[in-house]
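Below is one structure, written out as structure tokens, with a few remarks after it.
The values are calculated or read from the model by the stated rules, or taken from the named source; none is laboratory data. Since the model is a prediction, treat every value here as computed from it, not as a measurement. Ideal geometry is used to build each Cβ from the backbone, glycine not excepted, and the neighbour counts take in all protein chains shown. Protein only, heavy atoms only, side chains kept; ligands, DNA and RNA dropped before computing areas. Shrake-Rupley method; radii C 1.70, N 1.55, O 1.52, S 1.80 Å.
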Protein chains: 2
Amino acid sequence: MLKLADRNLPKLDESLLTGLPPFSRLERPQIREILDQASSRRYDEGTAVFREGHDADRFFLLLDGYLRVIRTTPDGDQIIVLHISPGQLFGIAPALQRDTYPATAMTAAESIALSWPARLWSDFTASYDGFATESYKTLGQRLGQIQQTLTEMATQAVEKRVAAALLRMVNQSGRKTDTGIEIAFPVTRQNISDMTGTTLHTVSRLLSSWEKQGIVESTRKRIAVTDPHQLVLISNGNG
Amino acid sequence: MLKLADRNLPKLDESLLTGLPPFSRLERPQIREILDQASSRRYDEGTAVFREGHDADRFFLLLDGYLRVIRTTPDGDQIIVLHISPGQLFGIAPALQRDTYPATAMTAAESIALSWPARLWSDFTASYDGFATESYKTLGQRLGQIQQTLTEMATQAVEKRVAAALLRMVNQSGRKTDTGIEIAFPVTRQNISDMTGTTLHTVSRLLSSWEKQGIVESTRKRIAVTDPHQLVLISNGNG
DNA sequence: CCGCGAGTTTGAGCAAGAGCAACGTTCCGA
DNA sequence: TCGGAACGTTGCTCTTGCTCAAACTCGCGG
């Protein structure tokens, strides 16, 4: 159960949801209804919102921060399936008639998420025009992205996979800085190796080499791409 | 457009759909309605039902046969994302608001499929109780399976991946024979390497070795597992 | 029944990248 | 300000499994 301190006592503002795809076709009173049924909670960096195998009793919307969706193998290896950005629904196992979550959601940075009890999913899809359509659209995009990652993993050499992983993070969360485009959340070499099925050693060597070539800049846990075009070339094989 | 010869002129029998998950809660007249709007078509082994990138203008139900869902990379490598068995919906891109198919569907054996125009999807989910629920449940399972494959690909050595791929095919389409459990559709070494991101050479070596150990039996394009338990051990690392 | 083509087997060499080890650096909290 | 933990770098070794090459075999169509 959520502790009292975790619930958002001052009323949530309607502007939180307006404009987000699942709610874009709704009027203020409907958004009000939806918000009144939501719980809001803040999560420190590196904590789990839910874990693989646990009861899928709620579904979520990320308001602020970034999440990693992670699967762990029986022998402890883990891989990052995808990242979630603000405004996206996640943990929608209830929509797929699953009774447990198929993966773990970890915060990559301090985050804030709304959540609703699983049983409300069918209410939402029935009552709110466009909610189902937009949610399943998101799901379709996510499915496509995972298939994309799968094909990369199966056919591409490590260097290309790492380049592609960086580009994906930049596209999803890139912030312009004076020197390049920075990934908006902390990323370690280990994280990148978990996205690409390699080791942190190999990732470290690749980043060092790219840094020498002026393609990326990185401090500990922070990565910026200074020459995205070059990275695209690498990810397509013309390194 | 479908040619006349492809349409099933004698009325489709209602028993084709009864009992299949998406239609299990429906009465005969509703099933009649659904069938009357369907096109039926037969496909030779090795032909495409639809191709990646093409207009997602229909969705399908496999009545008989087996399909491979395939993605191809820009440089011509291809990987088999999953297999479709009789009774399953496929090509449901319309349900996910996609305007093109994200993958190609090839017949692994001679097959028969029904299909409906994409625009009917929303009619079906609105009119037929349980159709949406069951369809999205299938989708959820498929998503989970792809994530599973992705983690394997990223963390497991080739031998384990191949063992796991064989087990998946056996579980999905295994037919008991006097000597073991046979995969119900033709499978080449190349096919297996396309499922596991390796080469046909490596697969051939593995199968030869397993054959010597009495774990599998294979003729050209036909594979049977004689000792599934042993394969499970291999796929878990205790080779 | 023959011949061809698609699929398979096997060998040898080689390179990508994993594993291991040791050291360096940054950050944070006491 | 100091110490330690977490993260990163780099060199070396060793293995996995890919590449290339060549021969083999099954099964089908003519």
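With its label point defined 7 Å out from Cα along the Cα-to-Cβ axis, residue B:213 lies at 4.1 nm from the matching points of the other copies, in increasing order.
GNM on chain A, alpha-carbon springs under 10 angstrom: the most fluctuating residue among A:145, A:30, A:97 is A:97.
The mean number of Cβ atoms from other chains found within 10 Å of a Cβ in peptide A:129-138 is 3, as a whole number.
In this assembly of identical copies, the label point of residue B:72 (Cα plus 7 Å along Cα-to-Cβ) is separated from its counterparts by 4.1 nm, sorted shortest first.
Placing a label point 7 Å from Cα along the Cα-to-Cβ direction at residue A:25 gives distances to the equivalent points in the other copies of 2.1 nm, listed shortest first.
Estimated from helical segments only, the mean residue ellipticity of chain A at 222 nm is -11500 deg cm²/dmol, where each DSSP H run of four or more residues counts as -39500 (n - 2.57). When the trypsin sites (Lys or Arg not before Pro) in segment B:33-132 are filtered for DSSP coil states and for at most 11 other beta-carbon atoms within 10 Å of their beta-carbon, the remaining sites are B:119. For GluC sites (Glu not before Pro), the sites in segment B:104-192 that DSSP calls loop and that have at most 16 other Cβ atoms within 10 Å are B:110. Evaluate Rg over Rh across segment A:156-235, taking Cα atoms for both radii and Kirkwood's formula for Rh. So for segment A:156-235, dividing Rg by the Kirkwood Rh gives 0.91. In the structure shown, do any of B:176/B:221; B:160/B:212; A:160/B:212 have a Cα-Cα gap over 29 Å, and if so which? The pairs that break the limit, which is 29 Å between Cα atoms, are A:160/B:212. Looking at segment B:181-239, the trypsin sites (Lys or Arg not before Pro) that sit in a DSSP loop and have at most 10 other Cβ atoms within 10 Å of their own Cβ are B:220. With contacts taken as Cα pairs under 8 Å at a separation of at least 6 residues, chain A carries a relative contact order of 18 percent. Averaged over the residues of A:97-103, the number of partner chain Cβ atoms lying within 10 Å of the residue Cβ comes to 4. Here the Gaussian network model covers chain B, with springs between Cα atoms less than 10 Å apart; of B:44, B:57, B:77, B:77 fluctuates the most. Placing one identical point scatterer on every Cα of the protein assembly as shown and ignoring solvent, what is log10 I(q)/I(0) from the Debye formula at q = 0.06, 0.08, 0.09, 0.11 Å⁻¹? Taking Cα atoms of the protein assembly as shown as identical point scatterers yields -0.30, -0.54, -0.69, -1.02. In degrees from 0 to 90, rounded to the nearest 10, what is the angle of the helix A:131-155 Cα long axis to the longest principal axis of chain A? Orientation of helix A:131-155: about 20 degrees from the principal axis.
Taking amide H positions as modeled 1.01 Å from N, with prolines and chain starts lacking one, the residues under 5 Å from residue A:110 and 5 or more places away or on another chain are A:45.
Per-residue SASA remark: residue A:124, around 0 Å² accessible (1.4 Å probe; ligands, DNA and RNA not included).
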